[in-house]
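What follows is a single structure, written as structure tokens, with notes after it.
The numbers here are math on the coordinates, done by the rules we state, and not lab data. Every value quoted in this text rests on a predicted model; they were computed, and no experiment measured them. Here the Cβ positions follow ideal geometry from the backbone for every residue, glycine too, while neighbour counts run over all protein chains shown.
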């Protein structure tokens, strides 16, 4: 917020103009907040009680990257908190004004496009804690002002009294309920663009004692980083190409000197033609990037014999946290070529060297693949009533066949509708399945579904339906000694750091020991289990974390 950089009450919600509170204050047990019509830091301001601890500098927990994809794996750091306490000026933790704005309190992690949002970008709890506030059900596909609805979000209260906050989540994707205890790395929702949000992203905030905390370390934020693993700062590289491709749209809007394009077709990842007609008058290449003013690149078009057909250079002229460029090429001369059909190439060139390339086909006609549109994924909250969702596709050649993929019992397709019955075979609160669409030409696309069933347990670490590889390889060695009478040592091998939790249960399934093992570094880790109070017998145990669950068996003798 512009005039609230030192407020004593925590504001939930992000990136908004004037909006109304979405949660009744009496539900939270709090007094009504003051809404600031010039607010740039929070959309809906629900209040979280101040930490009543007398310790002014209680420790804030170490944080994991709160998104189920690594930085630059289809997501990227877009903005950081404003480190400038003054109103009317701003800079981020590395002293740059490019990757923040006045009063911005959060760390923003953005997906490249809405198609990736549809496929499912998991939001992870950054640290262990108890859910104290949620908001869900609001529209999640805002592209630009005027924004529709309020931000879907979550507040997690940690053991030291600090709060982590997660905003702009996908409609109905919030998988946790108030009172749930979650572990670092557990999926709590999915990325969206709800509330005052022009792009699919997570806005993450951290508060301690009613004061916003900047978890990042840099030249203008000298406090130690709270992130357990470092990630790249965008301003340390002069140009980062996030995504780029061929397109045929020539009427894009939102152009500033052909440098920043707000057209939602690019934000949805513009339709890539399967083939380009030799009769086409013009083709285009769009580029999504982060870059410093003055950096440049070139796009070359090579014909089917590898000869340069056209080139266009483009420089970064505007200082923005993310931008799209559109470069157009006259294609009309192809009609005069003797044999233009075949594979052509696009090259992205920097410093006279091609750094990336893509190919496309020139043929009789321009064709496109069948595509779910206007969206290719969504979340539903399943409260017991039957849910029906209409499947919509474009660019189909002839009839379309829909088929279920990885669907449990109770999920069917009737014509062009997906039906989720009142009773399903989902095992956990985060359920997933897909629908494949194929036309008569064999072209196909996939629709991704996420179903939240609050009556089911929030257990294990769910995986994204896009087959994203979350950190893996948690291996368990046999405990020693075994059998044992009073104490045994459990060994695990971690591929990367993770927060571990131990549960021991008897042959009836009753939990007899639960132990928070805390954050453990990569490599072999050992910890002791005190079993002096356990009766003789066989016991089973599991070690659970973001990187998986491993199980073992042990014997206690007296």
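For the range 259-299, the residues whose backbone nitrogen is under 18 Å from a point 7 Å from the Cα of residue 353, taken along Cα to Cβ, are 296-299. Placing pseudo-labels 7 Å out from each Cα toward the beta carbon at residue 536 and residue 440 gives an inter-label distance of 7.7 nm.
Computed over the range 239-363, relative contact order equals 29 percent, with contacts defined as Cα pairs under 8 Å that lie 6+ residues apart.
To make sure I understand, if each residue's beta carbon is the centre and we count other beta carbons within 10 Å, what order do 265, 300 fall in, fewest to most? List each step's numbers first, then the result.
On the way: 265 16, 300 19.
Neighbour counts put them in this order, fewest first: 265, 300.
Going from the fewest other Cβ atoms within 10 Å to the most, the residues 236, 203 appear in the order 236, 203.
I need 201, 168 ordered by Cβ neighbour count within 10 Å, fewest first.
Working: 201 27, 168 31.
Going from sparsest to densest Cβ surroundings: 201, 168.
Modelled spin labels at residue 524 and residue 373, positioned 7 Å past Cα toward Cβ, are 5.7 nm from each other. Stokes-Einstein diffusion for the range 474-556, with the hydrodynamic radius set to the Kirkwood value over Cα pairs and evaluated at 4 °C in a medium of 1.567 mPa s, equals 101 µm²/s. Each semi-axis of the equivalent ellipsoid for the range 371-452 is √(5λ) with λ an eigenvalue of the Cα gyration tensor; in descending order they amount to 24, 11, 11 Å. Between residue 144 and residue 510, the simple spin-label model (points 7 angstrom out along Cα→Cβ) gives 6.4 nm. Between residue 223 and residue 404, the contour length at 0.36 nm per residue exceeds the alpha carbon distance by 60.1 nm.
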